[in-house]
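Q: The following block contains the structure, expressed as structure tokens.
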Amino acid sequence: MYAIGIDIGGTTIKVGLVDGGKIINSNRKPTASTPEEAVANIVLQIDALFEKYNLTVKDIVGIGIGCPGLISSEEGVVCHISTMKWHNFPIVSLLKKTYNTNIKVSNDANVAALGEAMFGAGEKFNNSIMLTLGTGVGGGIIIDNKIYAGAFSKGAELGHMVIRIGGEPCGCGRRGCLETYASATGLTRMTKSAMEQHPESEMWKFVDGDINKVDGRTSFECAKQGDAAANSVVDDFVMYLSEGIMNLANIFRPEAFIIGGGISAQGKYLTDKLTAYCEKYCYGYKNAPKSEIITATLGNDAGIIGAAALVI
């Protein structure tokens, strides 16, 4: 069951031929300066895959698109991407002029969650929530194996729940959002602050004395070696992320939370800490089915596979 998955990013557009949740082949091009040029490049990439495997549009079940920003999935329109200056762009109808097949578009975080739910870490669950910890905190909600994105497909902005009133400023204009504390950016900020307060910390050695080399690994790797300041940073990070998870658990009670992004590479060292915190503090956690907390498995393929999952 072939499908085309398109992962639109700020710098690169990746297009893949997917069969049963596995990428057969993919290619990429730089994201063009205008959405019209981007669609022209997508067509070139799809046609190249068709030619390579001797396929036509009749051989695929459809084309799925994951795209950042505000998306109207029902209308097939990219409503707004501030960083790319796309506004009310009818991407589905334009692609349908070339390919007479089922074409769907959704937010990139939603399709990543769908990909993990159908073909990755969440495959055995009907209901899951994915949190992607990167520059920001992205997220996707899967209910009965379908994306839940709220009215007009504009919901599920999980990174923008406030977990600390009057906290750090967020790019959305509010303060204290989950994104400002549980993202790799937030973790890096907290790590640098702890290092400045603790010049004796092993974290300085980890970055060769250069605070500009601090990233999401610094505090975790030094905490594993017993560094007190690093452990304090990790404990705070786990607390903030767990509070966000518990808020979502109290509303949705999914079978699983899937943690993605670079920080998820910490694996069970991270998820065991999150699970312990949630078991201690989450409402009804000891008297209700527990939500498993696991790490994503599709990695950088989640965008293409999740986009294809929209039409599989």
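Q: Do any of LYS146/LYS290; LYS29/LYS268; LYS22/LYS58; LYS104/LYS268; LYS52/LYS104 go past 26 Å between their Cα atoms, and which? Provide the component values of the computation, followed by the final result.
A: Numbers: LYS146/LYS290 21 Å; LYS29/LYS268 35 Å; LYS22/LYS58 19 Å; LYS104/LYS268 35 Å; LYS52/LYS104 24 Å.
Beyond 26 Å between Cα atoms: LYS29/LYS268; LYS104/LYS268.
Q: If the only charges are +1 at each Lys and Arg Cβ and -1 at each Asp and Glu Cβ, what is the size of the charge dipole of the chain around the Cα centre, to the nearest 20 debye?
A: On the way: 28 positive and 32 negative charges, 93 e Å.
Approximately 440 debye in magnitude.
Q: Order of 61-69, 96-104, 249-257, 214-222 by packing, highest average Cβ count within 10 Å first? All intermediate terms of the calculation are to be shown ahead of the outcome.
A: Values: 61-69: 23.4, 96-104: 15.6, 249-257: 18.7, 214-222: 21.6.
Packing order, densest peptide first, comes out as 61-69, 214-222, 249-257, 96-104.
Q: Now for a different question. So how much slack lies between ILE251 and LYS146, counting 0.36 nm per residue of separation and subtracting their Cα-Cα distance, in nm? Could the numbers behind the result be given before it?
A: Working: separation 105, 0.36 × 105 = 37.80 nm, distance 1.72 nm.
Full extension from ILE251 to LYS146 adds 36.1 nm.
Q: Once you place label points 7 Å from the Cα toward the Cβ at ASN100 and CYS79, how far apart are they in nm?
A: 3.2
Q: Using label points projected 7 Å from each Cα along Cα→Cβ, tell me how many nm separate THR11 and ASP215, to one decimal.
A: Taking the two extended label points, one gets 1.2 nm.
Q: Okay, moving on. Classify region 246-312 as rounded, prolate or oblate from the Cα gyration tensor: take a ≥ b ≥ c as the square roots of its eigenvalues, call it rounded if a/c is under 1.5, otherwise prolate when a/b beats b/c and oblate if not.
A: Oblate shape, in that a/c is at least 1.5 and b/c is the bigger or equal ratio.
Q: In addition: Taking amide H positions as placed in the peptide plane 1.01 Å from N, state which residues far from GLY9 in sequence (5 or more) or on other chains have amide H under 5 Å from it.
A: Hits under the 5 Å cutoff: LYS14.
Q: Here's something else I'd like to know. If you plug each phi of region 130-146 into the Karplus form 6.51 cos²θ - 1.76 cosθ + 1.60 with θ = phi - 60°, what whole-Hz ³J(HN,Hα) values come out, in order, with x for Gly and Pro?
A: Each residue's phi maps through the Karplus curve to give 9, 10, 9, 9, x, 4, x, 10, x, x, x, 10, 10, 10, 6, 6, 10 Hz.
Q: Grab the beta carbon distance between TYR281 and SER33, set R0 = 45 Å, and tell me the FRET efficiency rounded to 0.05.
A: Working: r = 48 Å, r/R0 = 1.07.
Efficiency for this residue pair is about 0.40.
Q: Please sort 261-273, 23-35 by packing, taking for each peptide the average over its residues of neighbouring beta carbons within 10 angstrom, highest first.
A: Top to bottom by mean Cβ count within 10 Å: 261-273, 23-35.
Q: Per-residue HN-Hα couplings for region 77-92, Karplus 6.51 cos²θ - 1.76 cosθ + 1.60 at θ = phi - 60°, whole Hz, x for Gly and Pro?
A: Computed from phi, the couplings for region 77-92 are 10, 8, 6, 6, 10, 4, 6, 10, 6, 9, 9, 6, 9, x, 5, 5 Hz.
Q: Calculated FRET efficiency, VAL61 and SER193, Cβ-Cβ r, R0 41 Å, to nearest 0.05?
A: On the way: r = 50 Å, r/R0 = 1.22.
Computed FRET efficiency for VAL61 and SER193 comes out at 0.25.
Q: Evaluated at 4 °C with a viscosity of 1.567 mPa s, what Stokes-Einstein diffusion coefficient in µm²/s does region 122-296 have when Rh comes from the Kirkwood expression over alpha-carbon pairs?
A: Details: Rh = 16.6 Å.
D = 78 µm²/s.
Q: Turning to a different aspect of this structure: Counting each pair of different Cα atoms once, what's the Kirkwood radius of the chain in Å, rounded to one decimal? If you can, show how the numbers build up before the last one.
A: On the way: mean 1/r = 0.0491 Å⁻¹.
Taking every pair of different Cα atoms in the chain, averaging 1/r and inverting gives 20.3 Å.
Q: To the nearest 0.05, how large is the calculated FRET efficiency for GLU123 and ALA265 if R₀ is 22 Å and r is the Cβ-Cβ distance? Mind dumping the intermediate values first?
A: Working: r = 20 Å, r/R0 = 0.92.
With R0 = 22 Å, the Cβ-Cβ based efficiency is 0.60.
Q: Could you tell me which of rounded, prolate or oblate describes region 195-312, using a ≥ b ≥ c as the square roots of the eigenvalues of the alpha-carbon gyration tensor, with rounded for a/c under 1.5 and, failing that, prolate when a/b is larger than b/c and oblate otherwise?
A: Working: a/c = 3.04, a/b = 1.43, b/c = 2.13.
Oblate, since a/c reaches 1.5 and b/c is not below a/b.
A short reminder: the numbers here are calculations on the coordinates, not readings from a lab. Please read all numbers here as calculations on a predicted model, not as lab measurements. We place every Cβ from the backbone using ideal geometry, glycine too, and count neighbours over all the protein chains shown.
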